[in-house]
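J.: Below you'll find the structure I mean.
The numbers here are math on the coordinates, done by the rules we state, and not lab data. Because the structure is predicted, anything quoted here is derived from the model rather than measured. Using ideal geometry, Cβ is built from the backbone for each residue, glycine included, and neighbour counts are taken over all protein chains shown.
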Amino acid sequence: MIIALNNKCNLTKEEFLTYMTKLNEIQSKHTIILCPSFTNINLYSSNSIHLGAQNVSSYEEGAYTGEISAKQLKKLGVEYCIVGHSERRIYQKETNTDIKYKITHLLQENIRPILCIGESKEERESKMADKVILQELESALSDLKKEDLNKIIIAYEPIWAIGTGFIPNNDEIEEMFSIIKQKYPDNPVLYGGSVNQNNIEELKKISSIDGYLLGGLSLKINELQTFVNRL
Ligand code: PEP
């Protein structure tokens with residue numbers, strides 16, 4: 001299984017150093033990917049946990065103040081990068097076109113994109129969820145060569161489940177995973193949205209889930225260890 005940890009905009013330098021030490025004590029046979037804030041990437045140190053980023057510039061390089069390029073990430077040892085997280089789509093107004101450019105630059109540097117897709121509550125209620133995620137996938141991935149497509153990790157994260165404590169039921173998750181896997185059978189698909197050490201027992205019944213993207217839980221080391229033990 002792949003377990004991606006999204007620290008979001010949390011942990012100062014000192015807090016991160018303590019966190020990193022504790023995270024390295026977690027025992028797991030699974031692939032754990034830590035995506036810290038940009039300011040903490042250079043402080044990462046681990047023999048067992050992989051390094052990811054939370055975002056990348058849609059530009060290759062140049063006069064783009066505040067942006068960080070795929071090439072810069074690569075030189076810091078980044079192997080994976082989240083793209084299209086709903087928080088960026090909503091707050092930074094990131095478009096499917098931006099996301100497509102980001103994926104192109106990441107693949108050029110051989111960094112594996114973790115592409116986030118997911119519907120809002122309104123879209124689910126109006127039975128548009130499948131159309132929304134297929135459109136997000138199609139616009140991000142349609143032009144990729146097969147060998148590049150195979151490097152993409154997909155993260156299905158219903159927007160209404162992120163950080164809310166609400167989670168779809170297993171039938172709803174299975175339905176969305178089956179839609180994704182019919183079109184992208186060779187890509188790992190993660191579930192994300194309010195996953196914790198309690199609901200993992202129920203989620204484990206879904207055999208099509210290849211891993212999890214964890215936000216809030218990534219910051220709670222003790223609960224994270226319990227979660228990993230239950231996988
Ligand atoms: C996320 O932001 O990708 C996420 C899954 O957050 P949380 O686990 O806090 O819902």
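J.: What number does the chain give for Rg over Rh if you use C-alpha atoms and the Kirkwood radius? Don't jump to the answer; show the numbers that get you there.
T.: On the way: Rg = 16.7 Å, Rh = 17.8 Å.
Here Rg/Rh amounts to 0.94.
J.: Kindly put Met128, Met20, Met176 in sequence by how many other C-beta atoms sit within 10 Å of each C-beta, fewest to most. Please list the in-between numbers first.
T.: Numbers: Met128 14, Met20 18, Met176 23.
By the 10 Å Cβ count, ascending: Met128, Met20, Met176.
J.: Given the rule -39500 (n - 2.57) for each run of at least 4 DSSP H residues, summed and divided by the residues of the chain, what is its mean residue ellipticity at 222 nm, to the nearest 500 deg cm²/dmol?
T.: Numbers: 11 runs with 90 residues, N = 231.
Helix-only estimate at 222 nm: -10500 deg cm²/dmol.
J.: Which of the lysines could a cross-linker span from Lys145 if the Cα-Cα distance has to be under 30 Å and same-chain partners fewer than 8 positions apart are dropped?
T.: Lys71, Lys74, Lys75, Lys93, Lys100, Lys102, Lys131, Lys181, Lys183
J.: For the range 151-172 and the range 199-225, what is the separation of their Cα centres, given in Å?
T.: 11 Å
J.: Same structure again: Report, ordered by chain and residue number, the aspartates and glutamates lying within cross-link reach of Lys204, taken as a straight Cα distance under 16 Å and ignoring same-chain residues fewer than 8 apart.
T.: Partners within reach: Asp171, Glu172, Glu174, Glu175.
J.: Over the chain, what is the relative contact order in whole percent, taking alpha-carbon pairs under 8 Å and six or more residues apart? Write out the running numbers ahead of the final one.
T.: On the way: 392 pairs, mean separation 44.7, N = 231.
After rounding, I find 19 percent.
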